[in-house]
1. Mind counting the residues in the range 286-295 that are surrounded by fewer than 21 Cβ atoms within 10 Å (Cβ to Cβ) and among the β-branched types (Val, Ile, Thr)?
2. Which residue, of Ala283, Ala272, is over 26 Å from Leu183 (Cβ atoms) and either open to solvent by 20 Å² or more (accessible area, probe 1.4 Å) or charged (D, E, K, R) (or both)?
3. Give me a count of the residues in the range 478-527 that are of a type outside the set (Gly, Ala, Ser) and touching an Asp or Glu at 6+ places or on another chain (Cβ under 7 Å).
4. Six or more apart or on different chains, Cβ under 8 Å: which pairs go from a residue in the range 624-649 that's in contact (Cβ under 8 Å) with a residue 40 or more places away in the chain to one that's open to solvent by 50 Å² or more (accessible area, probe 1.4 Å) and small (Gly, Ala, Ser)? Could you list them?
5. Inside the range 193-209, can you point out the residues that are outside any strand (DSSP E or B) and modelled with pLDDT of 75 or more?
6. Taking the range 379-406 only, how many residues are open to solvent by less than 70 Å² (accessible area, probe 1.4 Å) and either part of a helix (DSSP H, G or I) or touching an Asp or Glu at 6+ places or on another chain (Cβ under 8 Å) (or both)?
7. If we scan the range 479-494, do we find a residue that is at pLDDT below 75, more than 30 Å from Arg410 (Cα to Cα), aliphatic (A, V, I, L, M) and assigned to a loop (DSSP other than H, G, I, E, B)?
8. For the range 380-409, enumerate the residues that are under 21 Å from Val274 (Cβ atoms), among the basic types (Lys, Arg) and either touching a Gly at 6+ places or on another chain (Cβ under 8 Å) or at pLDDT below 85 (or both).
Amino acid sequence: MQLDVLGEIQNTTVPVSHALLPVVEAVVNSIHATEDRFGDQVGLSGDIEIRLHRVKQQHIPSAGRPPTEPVVAVTIKDNGSGFIDENLTAFQTANTRAKVKRGGKGVGRFSWLVVFGDAEIVSTFESSGKKLTRTFAFRRSAAGIEDFQERVAEASAPVETTIKLSGVQPRYVAAMRKGTDVLVEQMVEQCFDYFVLGRCPRITLVDATAEGDSVTRLNDKVAELGIAEPQTLQVGEHTLTVRHVQQPHAAGRIHKAHLCANQREVLSFPLAQVSDVGNAPLAGEDGNVVVHHAFVSGSALDEAVDSTRTRLDLPDGQPLLEQGGMLDLKTLREAIGRHVDTKLADVIAAEREKHRSKVEAHIKAQMPEYRHLIHHQPEQLARVKWTDDAQKLDESLYRLQQQWELEIRRRQSEVEKQIDEGADADDIATRLYQVIQEVNEAGQANLVRYVSKRRAVLKLLQHLLGKGVLEGHVHRIVFPLRKTADDVAYDDHNLWLVDDCLSFYEFVASDQRLDGNKETNVDSARRPDILAFKTGDPPYHHVALVEFKRPERADDNPVQQIVDYAVLLREGGARDARGRSLPGLPKSVRIDGYAIATLSPALEAKLRTGPGNMQRAEGDWRWYGGMPAENLSIEVLDFQTFVRRAEQRNRAFFTKLGLT
């Protein structure tokens, strides 16, 4: 053999995702062989059979289908010209140019021995008025071809060539564990151009599954497709051809673009990445749902495909090389996206309208914070895909909201710059008015979103309290445990549930030791549930304490705890670096204490006789009192009252927005 087989195998790469490549290479060789023998009659006289051999395992009878076993060998049989002298010579020559006019690279057979261990070939062909049979093995060895034999065949022997690829290499075993339908679909996609052009023999795939032989005619699968006439796609100076194909929808099928070279697919990508077609199946002309494919081919792709046929040697997002005349993959993908959008303009418009009406109805009924997008961003809103997943829909609308706000800020900056530069006020009055209007609407939208969040939080609290949850759950909703205001974003806490003023406190500590709190001078390991400071002069002019007590628990008095904390804050007592005692809060700083608990008879009895001169509010589950000597006010709220008061403070907003 006139080549270093082991060296060629080492230099041949087959990605795991292209594990079927050796089979495709062998099938394409069979297509060429049948074309050589039958010419224009290949579609009538040519035959190729692909037989998949799977590992035989015993299965315990059970309900459902048995598991899919991996393919361990593949046999390809055709009635083409066979291993005649010129074909055998080409097979024995590395990088042969025998099929260069057909896009052949002369190295495809080496992929056989990358994915499989060896290949066995038996070929009977016509030569000088008689029939010869050649048999040999193609293996991972220095010689490559072994056990070569040639003999005269019987005159009645059929002209046919059989190639058996066996011994799947370990790294490809999982990739070959695919069902018949998947393998058929991959074969059709890989050899699509041959099927469409009509110069294709009959190709049958026989899959020896655990349920028996499954026979599929690949040509019939192509007949199921809706294939349009080819169209021209101009990308810079490169002229390409696009053939649009619609395929009946099935699980796992998506809209795809296929880049082809020499009548074979090289790579593909989802059309949703580059076009407005989206991910959902489309309505076909016959009313059935379909997925759309765009098969792209041309000389620029033929010349760029590498020897493994798994990649295109083209720049990707490199404008300098593109300016030099090279086809750029990024530019090509974008051009395909625009081409598909034009081809499917009516379908996409109908789908958008269907999505738009659903999204707008949902906004009006459930998401009023996005109502302004209907007027200000109609085109962009029409691109939002409807989904029954409320969270995903909210994320899509929120992204659109942010884009709109960024655009408003950009326009606002432009107007402000013109004003600073002394532009005539009358000239920019209209633009200024429009920007101000949109700034106001953006602010209102954010307010609506914030109020909607408050309503959701209150509903959650009502649900949890109905189930008798622990106070820790309520605490976490109000403010995350073991966190401070430095750790938590403004929108991520709900201090407004206790008192709206608490939302504006500069420092908040939740369930943290007093001696570890940088804002206190207290030497104590005790941990208030929530301690909040509002800055002033001297450093604070207001402090708040919040305690949560487990529902139905009355074994301690929350008022006593608040008083104890207030006394600790007044006394101070922590030491500085020199060991000097630090002062506590002056009496001029007001301390407000809040306790959220279940006002059981036992707890109310303790409140009545405990510190703070607590008094029950008439007709309400609420107690109030304080200690004037400590400038301390205290309020004890039942959990239900706590939620009801928060709802009352926000009811006007809920009513205005139609949130019930």
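1. Adding up the residues that qualify gives 1.
2. Ala283
3. Of the residues in the range 478-527, 8 are of a type outside the set (Gly, Ala, Ser) and touching an Asp or Glu at 6+ places or on another chain (Cβ under 7 Å).
4. These pairs meet every condition: Asn631/Ser588.
5. The initial filter retains those residues of the range 193-209 that are outside any strand (DSSP E or B), namely 193-201.
Tyr194, Phe195, Cys200, Pro201 - these are the residues of the range 193-209 that are outside any strand (DSSP E or B) and modelled with pLDDT of 75 or more.
6. Qualifying residue count for the region: 11.
7. No.
8. Answer for the range 380-409, where residues must be under 21 Å from Val274 (Cβ atoms), among the basic types (Lys, Arg) and either touching a Gly at 6+ places or on another chain (Cβ under 8 Å) or at pLDDT below 85 (or both): Arg383, Lys385.
The values are calculated or read from the model by the stated rules, or taken from the named source; none is laboratory data. These numbers come from a predicted model, not from an experiment. Cβ sites come from the backbone with ideal geometry, for glycine too, and all protein chains shown count toward neighbours. Side chains are part of the model used for accessible areas, which takes the heavy atoms of the whole protein and leaves out ligands, DNA and RNA. Shrake-Rupley method; radii C 1.70, N 1.55, O 1.52, S 1.80 Å.
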